[in-house]
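The values are calculated or read from the model by the stated rules, or taken from the named source; none is laboratory data. Note that the structure is predicted; figures quoted are calculated from it, not measured. Note: ideal-geometry Cβ built from the backbone for every residue, glycine included; neighbour counts use all protein chains shown. Just the protein is used for accessible areas: all its heavy atoms, side chains included, with ligands, DNA and RNA removed. Shrake-Rupley method; radii C 1.70, N 1.55, O 1.52, S 1.80 Å.
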Amino acid sequence: FGTSYAVTRVTSKKNRVENPNIAGTDDGLIRPSSDSNDGSVLDSNDGVDISSEDDHSSDAHVGGNLAWKQGTSAPTAQPSQAPTEEVYRGPLVGVYYFPEHDENFYDGNYFRGKLDPPQYPVLGEYENRDASVISQHLQWTRGANINLWVLNWEGPDSISDLTAKDYIFKHPELPGTQVSFMYDARSRSTEPEDPLSLDHVYGDIEYMAKTYFHDPNYLRINGRPVVYLYISRWLDVKGILEGAIDLIRLAGDDNGHDIYIVGDHTFNDPPDSTFYDPFEVMDAVTNFDVYGSMGMPRYAQQSGVEKYKLKQAGWKDAAAFNGCAYIPTVTTGFNDRAILERNLGNSAMSRRISPNEPVGSLFQALFNDAMDLVDESTGSIIMINSWNNWQEDTQIEPVITVSDAVSIFEPSTLTQNLIYNSYGELFLDIVRATTWDRYVTIPEEPP
């Protein structure tokens, strides 16, 4: 990997040229060494040399990351030597972050809260605007080498917008974590009788540009502010994708920004042909709905994970052929059966890859594969779905500890008799362990 923040320009539609840095099938794959990604959760000190003569302040890492602070021993001083510095050269790991939690916290309609006994968030049923909640979320994510939050954004003056603008972006501890938005053009129609209307898009992006794009913590790829376009594939099916993207680019251009658009597009099978129109209008593609794309299985099984990786590799290669970048996504599992009665028809997907494997085994397998599929032209971004979508039970946010002896599968109407043990900080541990060896020690430049 190069550093997470070293990126290669991917041009927008209006000035797109062939990008020699995005190659075909083999050239774009980043393959970690076999001993660092064997599918296990490593001890925090295994095979990692983080010793240095220097004091390890928060400035020693890109984004202020000090993984050794999270339950490991601090580095010890070494004999006198040339000054060195630790630099993180792993992927830029991001999470989809949902900022809509208020004092009602889904009105209690979320899966873990309805288990018997319940498994609540460690922070309780919190409000996203609580400064201490934001602070703890930042500490947890940074401690696991997660330095990007992609916020769900529901339009100007929405709960998500006000939380982002007045609380998250203004939080004094935010610097070191980059922030972007996931924008759902479909749900923002101002004409209920015409869900295909795009009359809202220009104004939404103009507001976003004026309100957020100037912020130094906003995610940029090669200087371009990044917007994730949720279910761009749906817009494409309805024949309005190009129109929506033209409006997004126009709103950006009119406000002095060349927007980098990441489409939520790599669902199911990759395109058969080498030329695919959506690649021509988007800068990068990704897949938010891993659960649906895997076929909504009860257990994904290793064969299902391998099949998913093969399809995503096909999407990456097809995108690269058309000068479009790719961002892999991983998930934990899925269960949205507690939201509404109609959701009881949806299948749950276990956090175990198979019945005899441990909790977290699906996430570990998907994350290992994502490390193979990163695209350096994006800054090697890997997305996790999600940080805190408790309604769909995809969250990696820590949950309260319930005795390991308690195998929870009640109420069976919600669990479908799958076992749900509380996972504590397990998923943070997995990300930290899988990216741990991406710290390298380099000599400082002489004065």
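Per-structure values
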| read-out | value |
| --- | --- |
| Kirkwood hydrodynamic radius of the range 196-269, from inverse mean 1/r over distinct Cα pairs, in Å | 12.8 Å |
| Pairwise label distance in nanometres, residue 87 with residue 222, each label 7 Å out on the Cα-Cβ vector | 2.1 nm |
| Extension gain, residue 187 back to residue 215 (0.36 nm per residue minus Cα-Cα distance, nm) | 7.5 nm |
| GluC sites (Glu not before Pro) within the range 131-194: DSSP coil, no more than 12 neighbouring Cβ in 10 Å | 193 |
| Tail beyond 19 Å, pair distance distribution of the range 323-378 (Cα, percent) | 48 percent |
| Solvent-accessible surface (1.4 angstrom probe) belonging to residue 296, in square angstrom, nearest 10 | 100 Å² |
| Computed label-point distance, nm, for sites residue 107 and residue 440 using a 7 Å Cα→Cβ extension | 5.3 nm |
| Residue 356-residue 340 pseudo-label distance in nm [points 7 Å out on the Cα-to-Cβ vector] | 4.1 nm |
| Accessible-area value, residue 250, 1.4 Å probe, nucleic acids and ligands omitted, Å² | 80 Å² |
| Added length on full extension, which subtracts the Cα-Cα distance from 0.36 nm per residue, residue 347 to residue 268 | 26.7 nm |
| Rounded to the nearest 10 Å², the accessible area of residue 425 at probe 1.4 Å | 80 Å² |
| Theoretical FRET efficiency, 1/(1+(r/R0)^6), r = Cβ-Cβ of residue 246 and residue 162, R0 35 Å, to 0.05 | 0.75 |
| Potential lengthening between residue 130 and residue 196 on full extension [0.36 nm per residue; Cα-Cα distance subtracted] | 20.1 nm |
| Translational diffusion coefficient (Stokes-Einstein; Kirkwood radius from C-alpha pairs) of the range 93-150 at 4 °C, 1.567 mPa s, in µm²/s | 103 µm²/s |
| The range 307-329 residues near the modelled residue 280 label - backbone nitrogen below 14 Å, point 7 Å along Cα→Cβ | 322-324 |
